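Please treat every number below as a calculation from the coordinates, not as lab data. Predicted model only: the values in this text are computed from it and were never measured. Every residue, glycine among them, receives a Cβ derived from its backbone with ideal geometry; neighbour counts consider all protein chains shown.
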Amino acid sequence: MPHRSAVAPSAVALHDARPFFEKALHYGVQHGLINSARLDAIRADAPKGMVQIARYFGSEYLRPELEKARARLVNLVSLSLEHSSGGDLRRAAEALRDHSFLSRSKGGSDLLKALIAMPQNSHFGMNERGGFTDKHIPLLGDWTLRSIAEYRAELMQRTAAAQVIDAAVWLADELGLDADDLEDAAPDAEAVIRTVLLTLATGGSRMPDWVGFEKTIAALRRQAGGGNPPAKGKKSPATRAAGFTIALPPQLPQAFVEVVEAVRQSILADLPRILDASVPVRKLFDQTPAFIGRYFWIEDGLSEVDHHDRSASEAWHQLTGGHSDDSSLLTLFLGVAAGAAPKTLLTEKGAATLVRKIRKSGLQPALARAFIRDHAPLANQDDYADLWEGFVEEAQATLCSDRDYELKDALALLRRECNVKPSAGGRG
């Protein structure tokens, strides 16, 4: 009975550390694919290639540069042969037979230049346009000395990044934003994909600016039944998210399905927080570290200012009841400065009550100034502030006077300058 530790020689696999070019050449000679004439041609081309490479990366007159050039030449030819043959030695040997040695070197160089020109990651702002240029020569020199395994790993990583970028460009184009716009905005490609999927889920057809993005999130929250902070007994954001669907566009090219699906899964993980209406949209997406840069919107300052102005105008219209005459505005400002409920119209009784309050608690003109600054439309703030200051300068002494026991002077002032509704008896 043989000893259990004995190992048959045929079971030992020897690691062949030779460059792929050398293995392919040996195979070609051994199997009669490469004759002596082809060997002579390779011997003649190799020194020429070494000198060309040494000159390209430095100097052909220095021995260390020539030694590096020899290693680079072998690596470039090996890369070209292994890439084109898929690692099949017979096919690689046939390539050596049918093509010149220097053409295989150029083929390897072209592969590395293409690799260097590929995006390193999926961030539009961290990748260069224009392909390979002279400034990349030092980087090419580094890659010519790396192994095939390193090339493959880098190619896989950069190919994945390029796929994400291409998918983002395709999806953004569906919403009217082209590749140049994305390059200028410099977002993460995944952020673009996330926003497009959310926009399509709410029926949107254009890439949103910040105002549009806020509306998109608000629409999502309404669709999920979470438009307002959930009352007691209502479903939690996590429960709503579990039953919410973000679909892939039906027209999405098959080449992008896998990468977009991976990003879609990241949206589903975000949904519980996105659908939580108790968190303001701005706070979540623009002030929460985990969400900053995770979604994309067009930076349009004019749009945001316009939206702010419209919102301010709408709020101001509600506060003033649509009245813009000086009397109504002064009535509003006076109520604020007196610490009373702001109104644009007072009854005779209300006017008297306001004067008594002023004489008891004082008048604080600064409160009205702050009110104008915080609520009035920006375009009107200076005019309103001037109107108020003029009124205060003239009226404060009368309104605060302790000598006017019957309030006659103060009420006369308010009837003249403010908006006071006459009494039923026709007074005033």
| request: Convert 4 °C to kelvin, take the viscosity as 1.567 mPa s, use the Kirkwood radius over C-alpha pairs of the range 45-173 as Rh, and evaluate the Stokes-Einstein diffusion coefficient in µm²/s, rounded to a whole number. | output: 82
| said: If I model a spin label at ALA379 and LEU145 as a point 7 Å from the Cα along the Cα→Cβ vector, what separation in nanometres do I get? | reply: 6.6
| Too long at a 30 Å Cα-Cα cut-off: which of LYS283/LYS343; LYS23/LYS106; LYS23/LYS68; LYS23/LYS135? | LYS283/LYS343; LYS23/LYS135
| Gain on full stretching of the segment that runs from LEU387 to MET118 - 0.36 nm per residue minus C-alpha separation | 90.5 nm
| field | Nonlocal amide H pairs with VAL420, under 5 Å, H built at 1.01 Å | value | LEU346
| field | Ordering of 213-219, 393-399 by burial proxy (mean other Cβ atoms within 10 Å per residue, highest first) | value | 213-219, 393-399
| query | Given H placed on each backbone N at 1.01 Å, which residues far from HIS123 in sequence or on other chains put an amide H within less than 5 Å of it? | reply | ALA189
| query | When all C-alpha to C-alpha distances in the range 63-120 are sorted into bins of 5 Å, what percent of pairs does each bin hold, rounded to whole numbers? | reply | 4, 20, 24, 22, 16, 9, 4, 0
| task | Jot down the radius of gyration and Dmax of the range 334-428, Cα atoms only, both in angstrom. | result | 13.5, 41
| note | TM-like helix rule applied to the chain (DSSP H, alpha carbon span at least 27 Å on the long axis, mean Kyte-Doolittle at least 0.5) gives 254-274
| request: Give the distance, in whole Å, between the Cα centre of the range 122-169 and the Cα centre of the range 32-67. | output: 27
| message | Just to verify a number: FRET efficiency for ARG264 and ASP326, C-beta to C-beta distance, R0 = 45 Å, to 0.05? | response | 0.20
| said: Quick check on the range 118-209: what does the Kirkwood estimate of hydrodynamic radius come out to from the alpha carbon pairs, in Å? | reply: 14.6
| the range 32-91: projected area of the alpha-carbon convex hull, averaged over directions, in nm² | 4.6
| remark: Computed from the beta carbon distance with a Förster radius of 25 Å, FRET efficiency for THR245 and ALA218 to the nearest 0.05 stands at 0.85
| message | With a 10 Å cut-off between alpha carbons and a GNM built on the chain, which of THR202, THR344, THR159 moves the most? | response | THR344
| query | Rounded to a whole number, what is D in µm²/s for the chain from Stokes-Einstein with the Kirkwood radius over alpha-carbon pairs (10 °C, 1.306 mPa s)? | reply | 54
| said: Multiplying the sequence separation of ARG206 and ARG55 by 0.36 nm and subtracting their Cα-Cα distance, what value in nm do you get? | reply: 49.1 nm
